[in-house]
Amino acid sequence: DTEVTQTPKHLVMGMTNKKSLKCEQHMGHRAMYWYKQKAKKPPELMFVYSYEKLSINESVPSRFSPECPNSSLLNLHLHALQPEDSALYLCASSLDATGLNSPLHFGNGTRLTVT
Amino acid sequence: GNSVTQMEGPVTLSEEAFLTINCTYTATGYPSLFWYVQYPGEGLQLLLKATKADDKGSNKGFEATYRKETTSFHLEKGSVQVSDSAVYFCALNSGGSNYKLTFGKGTLLTVNP
């Protein structure tokens, strides 16, 4: 069982909808991440939070809005998405953001379909 | 910049065959190296890691040795099982104040009974 929990597992939304993806970890990790993965491709980094502050935004369109309410929770708010945004969205966490001895722990992802 | 090159798949093997998936990298400094595995319908799981030259990472019968002289981190397993069917990603991180993992493109492994 993964120690990073993502909800929902599947989400279908229209282009005018507003929805949120949720991620939770209780390992005491202080860095949390959102990745986007298209079929047959490696994950692409979207956002990194370190100690609840946004430290990396990989030029993600503003229709994706991350939020880190506390050190255990990470949300991704979605609004006015496009069909090409359909993908698997993965949350990950690590002990800290340096990564040298702190590998990522991934959740099982939310499969998002935009219609 | 950093980059990871791994052998393109798909790789199809019979059960109990020997597995090698090649991975080479380009990086500044002294990166940490990882193999992640993604089973169908799941997220990525860390399979093994190595943080310095000549380190050998191992887990579940898989091994990889950090070779600085050849900038390689090839994944091997002596006898694969059907349950090893998955996508394998080689990755590196060169550290710093912000964490950014560089992934290879992934190799799909299918093991037939």
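Return yes when B:V37 is open to solvent by less than 10 Å² (accessible area, probe 1.4 Å), in contact with an Asp or Glu (Cβ under 8 Å, 6 or more places away or on another chain), farther than 19 Å from A:M46 by Cα and aliphatic (A, V, I, L, M) and no when it is not.
No.
For segment A:62-115, which positions are closer than 13 Å to A:L21 by Cα and facing another protein chain (nearest Cβ under 7 Å)?
Matches in segment A:62-115: A:L90, A:G107, A:N108, A:G109.
Restricting to segment A:19-35, give me the number of residues that are open to solvent by 10 Å² or more (accessible area, probe 1.4 Å) and modelled with pLDDT of 95 or more. Talk me through it step by step, then tell me what you get.
The first filter runs over segment A:19-35 and keeps only residues open to solvent by 10 Å² or more (accessible area, probe 1.4 Å), leaving A:19-20, A:22, A:24, A:26-30.
Now narrow it down to the ones that are modelled with pLDDT of 95 or more: A:19-20, A:22, A:24.
Total satisfying the criteria: 4.
Scanning segment A:36-48 for residues that are farther than 20 Å from A:V12 by Cα, within 11 Å of chain B (Cβ to nearest Cβ) and in a strand (DSSP E or B), which turns out most open to solvent (accessible area, probe 1.4 Å)? Talk me through it step by step, then tell me what you get.
Our first condition is that a residue be farther than 20 Å from A:V12 by Cα; within segment A:36-48, this holds for A:40-48.
Adding the requirement that they be within 11 Å of chain B (Cβ to nearest Cβ) leaves A:40-45, A:48.
From what's left, in a strand (DSSP E or B): A:44-45, A:48.
On the way: A:E44: 104, A:L45: 26, A:V48: 1 Å².
Filtering segment A:36-48 for residues that are farther than 20 Å from A:V12 by Cα, within 11 Å of chain B (Cβ to nearest Cβ) and in a strand (DSSP E or B), the one most open to solvent (accessible area, probe 1.4 Å) comes out as A:E44.
Identify the residue in segment B:41-85 that is within 16 Å of B:T12 (Cα to Cα) and free of Cβ contacts under 8 Å to residues at least 60 places away in the same chain and, among all such residues, is farthest from the chain's Cα centre (by Cα). Spell out how you get there, then give the answer.
As a first pass, look at segment B:41-85 and keep what is within 16 Å of B:T12 (Cα to Cα): B:75-85.
Cutting the leftovers down to free of Cβ contacts under 8 Å to residues at least 60 places away in the same chain gives us B:75-77, B:83, B:85.
Working: B:L75: 5, B:E76: 9, B:K77: 11, B:S83: 17, B:S85: 14 Å.
Looking at residues that are within 16 Å of B:T12 (Cα to Cα) and free of Cβ contacts under 8 Å to residues at least 60 places away in the same chain, I get B:S83.
Which of the residues belonging to segment A:88-105 are open to solvent by 10 Å² or more (accessible area, probe 1.4 Å) and within 13 Å of the chain's Cα centre (by Cα)?
A:L88, A:H105
The values are calculated or read from the model by the stated rules, or taken from the named source; none is laboratory data. Only a predicted model underlies this, so the values are computations on that prediction, with no experimental measurement involved. We place every Cβ from the backbone using ideal geometry, glycine too, and count neighbours over all the protein chains shown. Heavy atoms of the whole protein, side chains included, go into the accessibility calculation; ligands, DNA and RNA do not. Shrake-Rupley method; radii C 1.70, N 1.55, O 1.52, S 1.80 Å.
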